[in-house]
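Structure first, commentary second.
The values are calculated or read from the model by the stated rules, or taken from the named source; none is laboratory data. Since the model is a prediction, treat every value here as computed from it, not as a measurement. Cβ sites come from the backbone with ideal geometry, for glycine too, and all protein chains shown count toward neighbours.
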Amino acid sequence: MSIRTIEPRTSLALIHAEITYTLIRLKTHPLGAPHIAAFEALRQTWTPVHAEELSLRESIAEAQARVDAADDELDDFVGRLDKTMRIVTHDDRNHPLYRFFFGKKTPSAFRRPVLGAQLEAMRPWTAALAGSDEPSLQTLGAELAPKIAAADAALKNRDAAIEARDHFRDLGPRKKLVDALNATRKGTFGALSRLPHEKPGLPPSFADRFFRRDTAPADAEPAASAPV
């Protein structure tokens, strides 16, 4: 067989299995001895790469939790504003003041997006509420400002965490591990493939036995833009 190329987004668990399988097969045959050190080095490299990936995944999960918490805060605020606005406008949802905040949407429809469009729609509310003649709306304006700031910070932190994860995968230690693994596998396979021509009695497919043949389906990572 020709040696398979390990895809960049193959899971680290499967990568570890590939390294371990070849390492043990090399250790069980005298002719594999010259290549053992290279695969031991790969397995040692794998450990900190795996630890870093877990840390990056944890950072994204924490950041997403803060995004969702900020969204809940804004959703709750929409409910309070709706109740206050109906008192101010005497329950007239066609009142210009009510329409300024909610347009033609119901509060439940307005709350549906997770930050994003909802956050941008609510951003001007702070100044509008603060400039209102109604004390109850002024109070809500003062309450909204820190919630907007918290939502902005949560999104910024999540985006930074995802960017760090993507750099790690596509340019950083994870990419370098996969590149080193593919280069080592290719070099080792080539060296072992030459042995049947140099040592009588070895089968032509001698090199094949040192690499996994019955692999599981590609255990790929989520796309780069995905939160986790």
Some residue of the stretch 186-201 being of a type in the set (A, V, I, L, M, F, W, C), under 36 Å from the mean Cα position of the chain (by Cα), loosely packed, with under 13 Cβ neighbours inside 10 Å and closer than 21 Å to THR5 by Cβ: no
Test result for GLU40, in contact (Cβ under 8 Å) with a residue 12 or more places away in the chain and either assigned to a helix (DSSP H, G or I) or more than 34 Å from the chain's Cα centre (by Cα) (or both): yes
The stretch 69-85 residues that are without any contact (Cβ under 8 Å) to a residue 60 or more places away in the chain and more than 13 Å from SER108 (Cα to Cα), paired with ones that are hydroxyl-bearing (Ser, Thr, Tyr) and part of a helix (DSSP H, G or I) (beta carbon under 8 Å, 6 or more apart): THR84/SER136; MET85/TYR98
Output for the stretch 11-28, where each listed residue is over 24 Å from the mean Cα position of the chain (by Cα) and either touching a residue at least 60 places away in the same chain (Cβ under 8 Å) or not in a loop (DSSP other than H, G, I, E, B) (or both): ILE19, THR20, TYR21, THR22, LEU23, ILE24, ARG25, LEU26, LYS27
Sole residue being among the acidic types (Asp, Glu), over 29 Å from ARG174 (Cα atoms) and part of a helix (DSSP H, G or I), chosen from GLU53, GLU58, GLU73: GLU73
Residue list for the stretch 96-155, filter: closer than 25 Å to GLU62 by Cβ, in contact (Cβ under 8 Å) with a residue 24 or more places away in the chain and among the charged types (D, E, K, R): ARG111, ARG123, LYS147, ASP152
Selected residue [under 30 Å from ARG213 (Cα atoms) and not in a helix (DSSP H, G or I)] from PRO48, PRO8: PRO8
Enumerated helices (runs of 4 or more DSSP H) restricted to the stretch 91-141, each holding at least 1 residues that are hydroxyl-bearing (Ser, Thr, Tyr) and surrounded by 15 or more Cβ atoms within 10 Å (Cβ to Cβ): 96-102, 125-130
Criterion: surrounded by 16 or more Cβ atoms within 10 Å (Cβ to Cβ), among the acidic types (Asp, Glu) and either farther than 30 Å from ASP68 by Cβ or out of contact with any Cys (no Cβ under 9 Å at 6 or more places or on another chain) (or both) - qualifying residue of ASP179, ASP166, ASP159: ASP166
Verdict on ARG209 being of a type in the set (Lys, Arg), assigned to a helix (DSSP H, G or I), within 30 Å of GLU52 (Cβ to Cβ) and at pLDDT 90 or above: no
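Residue-by-condition table, conditions (1) modelled with pLDDT under 95; (2) of a type in the set (Phe, Trp, Tyr):
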{"site": "TYR21", "(1), (2)": "no, yes"}
{"site": "ILE36", "(1), (2)": "no, no"}
{"site": "LEU54", "(1), (2)": "no, no"}
{"site": "SER59", "(1), (2)": "no, no"}
{"site": "ALA69", "(1), (2)": "no, no"}
{"site": "VAL88", "(1), (2)": "yes, no"}
{"site": "GLY103", "(1), (2)": "yes, no"}
{"site": "ARG112", "(1), (2)": "yes, no"}
{"site": "GLU120", "(1), (2)": "yes, no"}
Unmet criterion (only one of (1) closer than 18 Å to LEU56 by Cα; (2) among the hydrophobic types (A, V, I, L, M, F, W, C); (3) touching a Phe, Trp or Tyr at 6+ places or on another chain (Cβ under 8 Å)) for ALA160: (3)
